[in-house]
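To keep things clear, I will list the structure first and then write my remarks on it.
The values are calculated or read from the model by the stated rules, or taken from the named source; none is laboratory data. Small disclaimer: the values here were computed from a predicted structure and weren't measured. A quick note on method: Cβ atoms are made from the backbone with ideal geometry, for glycine too, and the neighbour counts reach across all protein chains shown.
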Amino acid sequence: MVHEAKWISTIVIQDKKNSQEIKVCVDYTRLNNACVHNPFPTPFSNEVLYNVAGNEAYSFTDGFPSYHQIHIIDEDKKKTSFKTVWGSYDYNVMLFILKNVPVGFSRIVIVALSSNTTALHFDEIVSSLLSK
């Protein structure tokens, strides 16, 4: 259910590159522009590897599916509203295309996995398993 019309985003249909298919996207430009930038630092790849270097084995885990397990608090769901010919909808879980979701995800993973043997680079979680 949509509560505030000012947050309703539009649907955009685009051609897929090198294909005759189309993709349907929600344009969250207004919402992203309204968000304050979160300056949480994202490490460079070489920093991540340096932090877990010197061990015999590593585990690389794709954290992308975890994005969609972070719930949006009820009062912010209205900000993800979009309208179609079938009605208006909003999301219950975080969308990775929103401005501060990648850094929010990073903060959650860093706190959950706080360890000298684990590092995060965007949605890749690197763990050293065996020390020398």
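What is the number of the single condition among (1) in a loop (DSSP other than H, G, I, E, B); (2) at pLDDT below 75; (3) out of contact with any strand residue (DSSP E or B) (no Cβ under 8 Å at 6 or more places or on another chain) that residue 37 does not meet?
Every listed condition holds for residue 37 apart from (2).
With modelled with pLDDT of 65 or more, in a loop (DSSP other than H, G, I, E, B) and not charged (D, E, K, R) as the only criterion, which of 95, 49 stands out?
Result of the check over 95, 49: 95.
Select from the stretch 1-16 the residues that are assigned to a loop (DSSP other than H, G, I, E, B) and either modelled with pLDDT under 85 or surrounded by 12 or more Cβ atoms within 10 Å (Cβ to Cβ) (or both) and list them in ascending order.
The initial filter retains those residues of the stretch 1-16 that are assigned to a loop (DSSP other than H, G, I, E, B), namely 1-4, 8, 16.
Those that are assigned to a loop (DSSP other than H, G, I, E, B) and either modelled with pLDDT under 85 or surrounded by 12 or more Cβ atoms within 10 Å (Cβ to Cβ) (or both): 1, 2, 3, 4, 8.
Suppose we keep only residues that are hydroxyl-bearing (Ser, Thr, Tyr) and not in a loop (DSSP other than H, G, I, E, B) within the stretch 67-84. Which one would you say is surrounded by the most Cβ atoms within 10 Å (Cβ to Cβ)?
Result: 80.
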